[in-house]
Amino acid sequence: MSARKRPGGVSPLWQIRTAIDPRHYWVLALCGLVAPLLGWSLASSLDGVDKVFLPGPADVLTRMWTWASEDGLPADVAISTWRVVAGWALSAAIALPLGLFIGSYRSVQALLEPLTDFIRYMPAVAFIPLVMLWVGIEEGSKIAIIFIGTFFQMVLMVAEDVRRVPLAQIEAAQTMGASRGEILERVIVPSAKPALLDTLRVTMGWAWTYLVVAELVAANSGLGYAVLKAQRFLQTDKIFAGILLIGLIGLVIDQGFRLAHRKAFPYLAGRH
């Protein structure tokens, strides 16, 4: 793989924040995915390595097939995806308007940002006993844990996205007689939309990281529950399978967000 050098003798591959040929990008991306897989396969095949501690890729694929054909993998994927998306969507529905006001008004920032900063450092797992007491042990408790894990971070990120809107745009709108509502609706929100979509993408990833924690709460289905159950029976291959499936689902969702970003804001495609 070679890349044509630009003036100055430096390849585009090593230019800071410079676009590269799509073919080079996908070859590098493939190498980044395949290299750890090869290393894993090599390590698991060494003499003295117990399959209980490090199953090989073939073992994990076999377990994944058994899980899919006999143990209800599609249902586990569906319920876990529902829990993550529901918790994340509830967070977004509240965090987007709240973050907009925190980022736009200093008074709201002073009232709510210190409290949000304080709560976001509390581990979501510590809320499990309270969630079980307040919400119960049904689906609402799993969604609540994912909500707690993502909401407070999302609020602060949304507020920061809003604060990055250039003040010159706001002052220009004020000069032309725009009301506060018009400034929010026609200046701040449109200007912050690309960053807000990125924030939603990042926090979706956080929501998936809380899945196993959420399914600690009296679950009897889901990918996280399956991983925890496999731990009790030393089914390491199933643990690997569950982790890889969560990563794969997250990767697909992440690429969906990236595609939506490129379609919605094509003028930023070269910088994203």
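The values are calculated or read from the model by the stated rules, or taken from the named source; none is laboratory data. Bear in mind that the values here come from a model prediction, so they are computed numbers and not experimental data. Don't worry about glycine lacking a Cβ; one is built from the backbone with ideal geometry, like all the others, and counts go over all protein chains shown. The area values use the complete protein model at the heavy-atom level, side chains included, leaving out ligands, DNA and RNA. Shrake-Rupley method; radii C 1.70, N 1.55, O 1.52, S 1.80 Å.
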Next item on the list: Considering each residue of the range 45-69, count those that are over 15 Å from residue 241 (Cα atoms) and either in contact with a strand residue (DSSP E or B) (Cβ under 6 Å, 6 or more places away or on another chain) or not aliphatic (A, V, I, L, M) (or both), and give that number.
Entry: 4
Next item on the list: Return yes or no: is residue 201 part of a helix (DSSP H, G or I) and closer than 28 Å to residue 241 by Cα?
Entry: yes
Margin query: I'd like to know if the range 183-190 contains one or more residues that are modelled with pLDDT of 90 or more, in contact with a Phe, Trp or Tyr (Cβ under 6 Å, 6 or more places away or on another chain), buried (at least 17 other Cβ atoms within 10 Å of the Cβ) and in a helix (DSSP H, G or I).
Written below: no
Checklist line | Residue within the range 182-189 that is closer than 30 Å to residue 30 by Cα and in contact (Cβ under 8 Å) with a residue 12 or more places away in the chain present | finding: no
Margin query: Condition first: loosely packed, with under 11 Cβ neighbours inside 10 Å, among the basic types (Lys, Arg), in a helix (DSSP H, G or I) and modelled with pLDDT of 85 or more. Can you find one or more residues in the range 17-25 that meet it?
Written below: yes
Check: Within the group 195, 168, which residue is assigned by TED's automatic domain parsing to the domain that holds residue 109, in a helix (DSSP H, G or I), open to solvent by 30 Å² or more (accessible area, probe 1.4 Å) and under 27 Å from residue 120 (Cβ atoms)?
Finding: 195
Notebook entry, point to check: Any residue in the range 30-43 that is in contact (Cβ under 8 Å) with a residue 60 or more places away in the chain, under 25 Å from residue 243 (Cα atoms), loosely packed, with under 11 Cβ neighbours inside 10 Å and of a type outside the set (Ser, Thr, Tyr)?
Noted result: no
Item checked: In the range 229-272, residue surrounded by the fewest Cβ atoms within 10 Å (Cβ to Cβ) [restricted to those that are modelled with pLDDT of 90 or more and among the aromatic types (Phe, Trp, Tyr)] -> 257
